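Here's the structure we're looking at; comments come further down.
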Amino acid sequence: EAGVVQSPRYKIIEKKQPVAFWCNPISGHNTLYWYLQNLGQGPELLIRYENEEAVDDSQLPKDRFSAERLKGVDSTLKIQPAELGDSAVYLCASSAFEETDTQYFGPGTRLTVL
Amino acid sequence: AQSVTQLGSHVSVSEGALVLLRCNYSSSVPPYLFWYVQYPNQGLQLLLKYTSAATLVKGINGFEAEFKKSETSFHLTKPSAHMSDAAEYFCAVRSNTGNQFYFGTGTSLTVIP
């Protein structure tokens with residue numbers, strides 16, 4: 001069984017440029033999470049989807065961040081424009097309806113904003 | 001609101017020695033608690049979880065953790081450290097009102113040969 005897939009693995013951009021991250025969860029997992037992980041810190045939730053519905057986006061900086069999960073499967077997280085402080089690892093995780101307490105994480109996308 | 005505190009951002013042990021990583025939780029109701037491991041440039045991998053069943057939880061790679069309500073703790077232990085245990089370890093708690101997880105700041109484990 002394939003795990004959570006994220007791309008790209010690494011991204012370097014200049015500030016004020018847009019950037020997008022893609023996540024494909026484990027097949028059949030209806031819950032998808034996007035986390036931000038700063039260096040030396042634990043993951044912090046940005047947004048959680050139940051199928052195609054964003055059920056918790058209270059920590060998503062909506063002035064520059066957006067996300068979508070149009071068909072309830074894969075998801076895209078976008079930043080426009082990127083700022084220096086956005087440099088971090090962006091993690092995607094998914095969980096199954098019958099096992100909501102177990103998250104499976106992807107390898108993350110490491111973003112560097114210059 | 002639930003939260004977890006990990007005491008000690010860096011822990012060093014000798015190979016073969018006991019590993020003890022500390023986690024204390026804050027919750028008004030019995031929580032669901034988790035330990036994750038993160039190797040460099042990888043995502044988090046679940047080591048073990050406590051979901052109100054047995055207080056001593058056994059996980060993968062020889063790790064275990066004991067839920068102690070009186071101490072509000074969920075410390076992670078392993079009797080004998082291996083070089084491959086060197087990684088970042090995160091304690092996490094799940095909210096009782098939804099699928100929200102709150103992670104600690106992590107403990108970096110170094111294993112000395």
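Every number in this text was worked out from the coordinates using simple rules, so none of it is lab data. The structure presented is a predicted model; accordingly, all values stated were derived computationally and were not measured. Quick reminder, even Gly has a Cβ in these numbers, built from the backbone with ideal geometry, and neighbours come from all protein chains shown.
Could you check region B:79-95 and list, in sequence order, the residues that are among the aliphatic types (A, V, I, L, M) and either within 27 Å of B:SER52 (Cα to Cα) or in a strand (DSSP E or B) (or both)? Within region B:79-95, B:ALA87, B:ALA92, B:VAL93 qualify.
Is there a residue being within 17 Å of B:GLN6 (Cα to Cα), without any contact (Cβ under 8 Å) to a residue 60 or more places away in the chain and in contact with a Gly (Cβ under 6 Å, 6 or more places away or on another chain) anywhere in region B:53-70? There is no residue in region B:53-70 that is within 17 Å of B:GLN6 (Cα to Cα), without any contact (Cβ under 8 Å) to a residue 60 or more places away in the chain and in contact with a Gly (Cβ under 6 Å, 6 or more places away or on another chain). Checked across region B:101-109, the condition of being farther than 17 Å from B:ASN41 by Cα and without any contact (Cβ under 8 Å) to a residue 24 or more places away in the chain holds for no residue. Does region B:21-50 hold any residues that are more than 14 Å from chain A (Cβ to nearest Cβ) and surrounded by 14 or more Cβ atoms within 10 Å (Cβ to Cβ), and which are they? B:ARG22, B:ASN24, B:SER27, listed by residue number. Could you check, for region A:2-10, whether at least one of its residues is more than 11 Å from the chain's Cα centre (by Cα), in a strand (DSSP E or B), closer than 29 Å to B:ALA87 by Cβ and of a type in the set (Phe, Trp, Tyr)? Yes, region A:2-10 contains a residue that is more than 11 Å from the chain's Cα centre (by Cα), in a strand (DSSP E or B), closer than 29 Å to B:ALA87 by Cβ and of a type in the set (Phe, Trp, Tyr). Take region B:5-56 and flag every residue that is within 18 Å of A:GLN103 (Cα to Cα), part of a strand (DSSP E or B) and among the aromatic types (Phe, Trp, Tyr). Within region B:5-56, B:TYR32, B:PHE34, B:TRP35, B:TYR36, B:TYR50 meet the criteria.
Filtering region A:48-71 to residues that are charged (D, E, K, R), within 13 Å of chain B (Cβ to nearest Cβ) and either within 11 Å of the chain's Cα centre (by Cα) or in a strand (DSSP E or B) (or both) leaves A:ARG48, A:GLU50, A:GLU53, A:ASP56.
Checking each residue of region A:31-47 against the condition of being touching a residue at least 12 places away in the same chain (Cβ under 8 Å), surrounded by 20 or more Cβ atoms within 10 Å (Cβ to Cβ), within 14 Å of another protein chain (Cβ to nearest Cβ) and assigned to a loop (DSSP other than H, G, I, E, B) gives at least one match.
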